[in-house]
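S.K.: I am attaching a structure below and will ask some questions about it afterwards.
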Amino acid sequence: MSSSTDIEIGEVSITFIPVQTRVPLKFGTEVLSSVTCVRVNLSVSNEFGEKGEGWGETPLSVQWVWPSQLSYNERLESLMGFCEILSANWRKSNLSGHCIELGHQLIMSELPVILEEFNRDNRMDREPMPWLAALVCASAFDLALHDAYGVVNKVPIYKAYGSKYLSSDLSEFLEPADNSGISFSKKFPADYLVLEPPKHIPVWHLVGGLDPICEDDLTGDEPDDGYPLHLRDWIQCDGLNCLKIKLRGNDPKWDYERLKTIGKVALELNVEHLTTDFNCTVKEPDYVNDILDRLQVKHPQIHRLILYVEQPFPYDLEKYLINVESVSKRKPLFMDESAHDWKHVKLGRELGWTGVALKTCKTQTGALLSLCWAKAHGMDLMVQDLTNPMLAQIPHVLLGAHAGTIMGVESNGMQFYPAASIREAKVHPGIYNRNKGNLDLSTLQGPGFGYRINEIYSS
């Protein structure tokens, strides 16, 4: 059923923007020192001939989306080439509908075919590009689509996820768990969103595996750019109250000591919440259980600060069907890299996961549908960062505000490349700077994602 607010995609253009980190960020076995962002500009029109354009951006974080022995440049070139193919594909889609309807068709039906063809044509002696990498490439296009939908219909995009704009209910996209008694008939994304979110939300700081904790850890090679150089400074400067701790997942002694060290700093400086990120390298639940149990016995105050545990186990949920109930009985256990879409969330719930960490870099459409499925089935939510700079930060924090998370949103672009977002920060200072442990969303105004693009690029 069509609606007067339906849109068709017109022109699509992409730009690749290289960004250098001020300090390195460790991802599993690799270190990130730079990133290339893909920025998409997409035009749409409605049945009245009115036109609008939207913007979407995603960092192509190679080490996160495609852990591999292949060289960084090989993987990055593949991701950039795939974005070029997606640009042509979206331009000739000839589809019309709501942005969720279009996004669902292009991502769930067409993207797997494009990825299969890409891997067949480009594989040679190389390994195939994974689905997570394809999703991240597609996310910039999908974000631009949602923004454009709001712009052409003159509505903030989170006001456009209900029945007034979307003619398909959630039963068109989602299936409930067996024997759950849940129905998505006559339900819309708006039914699961916080439609009047607070203007200030708590923000999480990432403590990377290479990050210095105090002044004694500094080597003298740190940048002299006016930003904090170690964790203690960050906590005091930004009034931080939530710390996400990157761990190794293959070195229990190091992981335990790291948790203990950061936990003691947290207690001393009155930080109230910690979470642990084991980087998807753990293969047995006992690895996590033993660390948590030891911490509970020897440092119960630190143990109490741990709000949840994030994705200790490998990306490929279907390959590694690990029953994780023993972990989730100790602490809430959140899917991140494995939560590609609502179907993976469904499988994760069956295996004992209790929460989902959403990311806009896995598409706005997919994040919204996973959110709805998870909330309907009583799972908790978080919104996690991909170290989002520039425009990528805005949809990210908006999702965090509207999702109803257990505690705000993670945001660490200001730690690793703050200079990249100077222009955006002039218009939205509270989005790119953390103050008293919060982000301030009050400047996000207008249709779509409320970027205020003209003001950003005229500043």
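S.K.: Please give the FRET efficiency for R126 paired with S45, using the beta carbon to beta carbon distance and R0 = 45 Å, rounded to the nearest 0.05.
M.R.: Using R0 = 45 Å, I get an efficiency of 0.70.
S.K.: Under 8 Å for C-alpha pairs, at least 6 residues apart: give me the relative contact order for the chain, rounded to a whole percent.
M.R.: 17 percent
S.K.: Can you give the extra length, in nm with one decimal, that the chain gains between E84 and S71 once fully stretched, where that is 0.36 nm per residue apart less the Cα-Cα distance?
M.R.: Full extension from E84 to S71 adds 2.6 nm.
S.K.: Which far-off residues, 5 or more places away or on another chain, put their amide H under 5 Å from the one on R22, with H placed in the peptide plane?
M.R.: Long-range HN contacts for R22: Y417.
S.K.: Taking the beta-carbon count within 10 Å as an exposure proxy, list K375, K359, K92 from fewest neighbours to most.
M.R.: Lowest to highest Cβ neighbour count: K92, K375, K359.
S.K.: Now for a separate question. Of K92/K362; K51/K154; K246/K329; K283/K319; K329/K359; K164/K187, which pairs sit farther than 18 Å apart, going by alpha carbon to alpha carbon?
M.R.: K92/K362; K246/K329; K329/K359
S.K.: Any idea how far apart K186 and R423 come out in nm if each label point goes 7 Å out from Cα toward Cβ?
M.R.: Here the modelled spin labels are 4.9 nm apart.
S.K.: Which order do the peptides 206-218, 299-311 take when ranked by the mean count of other beta-carbon atoms within 10 Å per residue, highest first?
M.R.: Answer by packing, highest mean first, reads 299-311, 206-218.
S.K.: A further question follows. Rounded to the nearest 500, what is the chain's calculated 222 nm mean residue ellipticity when only DSSP H runs of at least 4 contribute -39500 (n - 2.57) each, over all residues?
M.R.: Per the formula, -10500 deg cm²/dmol.
S.K.: Quick one: length gained pulling D293 to S458 fully straight, 0.36 nm per residue minus the C-alpha distance?
M.R.: Gain on stretching D293 to S458: 53.9 nm.
S.K.: Right, something else. Compare the peptides 364-374, 155-165, 129-139 by average per-residue count of other Cβ atoms within 10 angstrom and give them in order, highest first.
M.R.: 364-374, 129-139, 155-165
S.K.: For segment 104-183 and segment 72-91, write down the distance between their C-alpha centroids in whole Å.
M.R.: If you average the Cα positions of each part, the centres end up 17 Å apart.
S.K.: Return, ordered by residue number, the residues of segment 176-215 whose backbone nitrogen is under 14 Å from a label point located 7 Å along Cα→Cβ of S442.
M.R.: Under 14 Å, as judged by backbone N against the label point of S442, lie 198-201 of segment 176-215.
S.K.: For L267 and D221 in the same chain, what is the full-extension length gain: residue separation times 0.36 nm, less their Cα-Cα distance, in nm?
M.R.: Result: 13.7 nm gained on full extension.
S.K.: Using the crude model of +1 on Lys and Arg Cβ and -1 on Asp and Glu Cβ, and no other charge, please compute the dipole size for segment 7-172 relative to its Cα centre, in debye to 20.
M.R.: Here the size comes out at about 480 debye.
Each reported figure results from applying straightforward, stated rules to the coordinates on display, with no laboratory input. Everything quoted here is computed from the prediction, not taken from an experiment. Cβ coordinates were reconstructed from backbone atoms using ideal geometry, including for glycine residues, and neighbour counts include every protein chain displayed.
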